[in-house]
1. Once you have a ≥ b ≥ c as the square roots of the Cα gyration tensor eigenvalues for segment 173-266, tell me rounded if a/c is under 1.5, and otherwise prolate or oblate according to whether a/b is larger than b/c.
2. Label segment 140-194 by shape, choosing from rounded, prolate and oblate, from the square roots a ≥ b ≥ c of the eigenvalues of the Cα gyration tensor; if a/c is under 1.5 it is rounded, and otherwise prolate applies when a/b is larger than b/c, oblate when it is not.
3. Send over the Kirkwood Rh of segment 1-150, from the inverse of the averaged 1/r over different Cα pairs, rounded to one decimal Å.
4. Suppose we keep just the DSSP beta bridges with both residues in segment 1-116; what percent of those would be antiparallel, to 5?
5. Using per-residue counts of other Cβ atoms within 10 Å, averaged over each peptide, order 132-145, 81-94, 61-74 from highest down.
6. Would you compute, from DSSP H runs of 4+ residues alone, the mean residue ellipticity of the chain at 222 nm, taking -39500 (n - 2.57) per run and dividing by the full residue count, rounded to the nearest 500?
7. Quick one: of the DSSP bridges fully inside the chain, what percent are antiparallel, nearest 5?
8. Could you list, bin by bin from short to long, the percent of Cα-Cα pairs of segment 1-51 in 10 Å steps?
């Protein structure tokens, strides 16, 4: 509710992963059914396989997201499948979701580098992206999951995608701030025509399977920058800062987002 009141029109609600693997998400059905949905706001949920899709459909999901990795090692650690097996395994999930008139988003993680395989080749990302889009994903979110990317590497990747005739309006960026590069990477991507970014209030987030990764790009930091650039986001930075303060209280710790800390200190 707080995020919707701040102006968000897309809020990822939960994930229907195996509750034994990620017990924090064991209440996915309960949460989605209890969610007070606002008109004009979409609430996508992550699904790892057909069983997850069945659970999501039964709980009333209208948007789903599937997630794969450009890194072989991370795919095996996160999904217990090879990169190719994971991507191919979503064909039936996406097909069934489209038949049910659901919007489908694809996530592709570790698009810059990972701690096990090292740098990810842009042509590998391009190949994976083409496969996910070809099977019916409406949008593809590219994740710098370990947060090692720099603007130069993001530029190289986006140029490779453009050269492969992948439309920029099909691409979103999912940036982590492990090395303090997330906002700089977002600015570079905006300059190159990317208009959709994943972010989290206060900069919370991370991955239980990539423990070195810091949180996501803080929503209020991104909005503050966009406001300064004259880019209309539809989001209210003061409401985001207030939500960050509330979230900080709920978690019992200070959150890394800088704009919220600055605004709330005043």
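1. oblate
2. Values: a/c = 1.90, a/b = 1.73, b/c = 1.10.
It is prolate, given that a/c is not under 1.5 and a/b is the larger ratio.
3. On the way: mean 1/r = 0.0627 Å⁻¹.
One decimal place: 15.9 Å for the Kirkwood radius.
4. Values: 0 of 12 bridges.
Of the beta bridges lying entirely in segment 1-116, close to 0 percent run antiparallel.
5. Working: 132-145: 21.4, 81-94: 18.0, 61-74: 23.1.
Highest-to-lowest ranking by the protection proxy: 61-74, 132-145, 81-94.
6. Values: 12 runs with 113 residues, N = 266.
Calculated from helices alone, the mean residue ellipticity at 222 nm is -12000 deg cm²/dmol.
7. Working: 3 of 27 bridges.
DSSP beta bridges in the chain are roughly 10 percent antiparallel.
8. Taking every Cα pair in segment 1-51, the percentages come to 24, 49, 24, 3.
None of the figures in this text is laboratory data; all of them are computed from the coordinates on show. The structure presented is a predicted model; accordingly, all values stated were derived computationally and were not measured. Glycine also receives a Cβ, built like all others from the backbone with ideal geometry; neighbour counts cover every protein chain displayed.
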